[in-house]
Amino acid sequence: MKVAITLNDVIRDFTSHFSKAYDKNVIVSHENFISYEHVVDDTWVKQEVSTNNKKLSIAEKIDSFNLSKKHQFSSEEDFFDILYDQFSFEFFGTNEMTYPNAMIDLNILYKEIVKNHSCTLLSQEVNNSKHATLHFLSYNKCQVNNIKFLENYSKVWQVFDVIITANPYILKRKNLNNNNKLSIKINKPYNEHIKADYSFDSLSQVYNLYK
């Protein structure tokens, strides 16, 4: 059996941290522009881009937490540039965990699962967010051997039999497919309306179920 555990909002506090990092690094300077600062040739440069006072609606397989609907970006290219290039470390590398023992619980659960099955830690990553995420995992002493970075989660149910996740997109795609696979939801306010085979508040509760 192939088991997957997604990183964001299961172990890494992503959605609430994202809002804080956005507010700190990307400033809405007035209703038609956003501005942010980044380094060009070792010099900090302030850049402004037009938003036309509209929030984007990027495809859910790319923006599975609907960040583009909650925060202002001028274009899909700007979304990728801010998230995955200019501020990837701020968005993906400096996060807190979802709760203090989340990584400890992941390590314990992982070691139990791999006694009889395969287990992979999944994360949706592009460009510079990969090494930012590796920093997060290393800093917090992740002991998982199998880590896989994906550009999107559109095919995860074709690969894995069980997925432990908070991600709404993954949970909804399982519900759309009438199959024998198992979804285990980590409860968050944004996914409370989405059905899953099991729902828990933390990985420690998943571990108790598994045992």
Margin query: If amide hydrogens are placed 1.01 Å from N in the peptide plane, which non-local residues have theirs closer than 5 Å to the one on Met97?
Written below: Asp13
Notebook entry, point to check: Taking R0 as 25 Å, what's the FRET efficiency between Lys115 and Asn187 from their Cβ-Cβ distance, rounded to 0.05?
Noted result: 0.40
Next item on the list: Using the number of other C-beta atoms within 10 angstrom as an exposure proxy, rank Ser57, Ser123 with the fewest first.
Entry: Ser57, Ser123
Checklist line | Cα-based shape type of region 82-167, given that a ≥ b ≥ c are square roots of the gyration tensor eigenvalues and the cut on a/c is 1.5 | finding: oblate
Next item on the list: Quick one: which residues, 5 or more positions from Ser199 or on another chain, have an amide H under 5 Å from its amide H? H modelled 1.01 Å from N in the peptide plane, none for Pro or chain starts.
Entry: Lys185
Next item on the list: Enumerate the amide H contacts of Ile147 below 5 Å, restricted to partners 5 or more residues apart or on another chain; note that Pro and chain-start residues carry no placed amide H.
Entry: Leu121
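Laboratory data are not the source of any read-out in this text; all were calculated from the coordinates shown. Everything numeric here is computed off the predicted structure, so don't read it as measured data. All Cβ positions, even for glycine, are placed from backbone atoms using ideal geometry, and neighbour counts span all protein chains on display.
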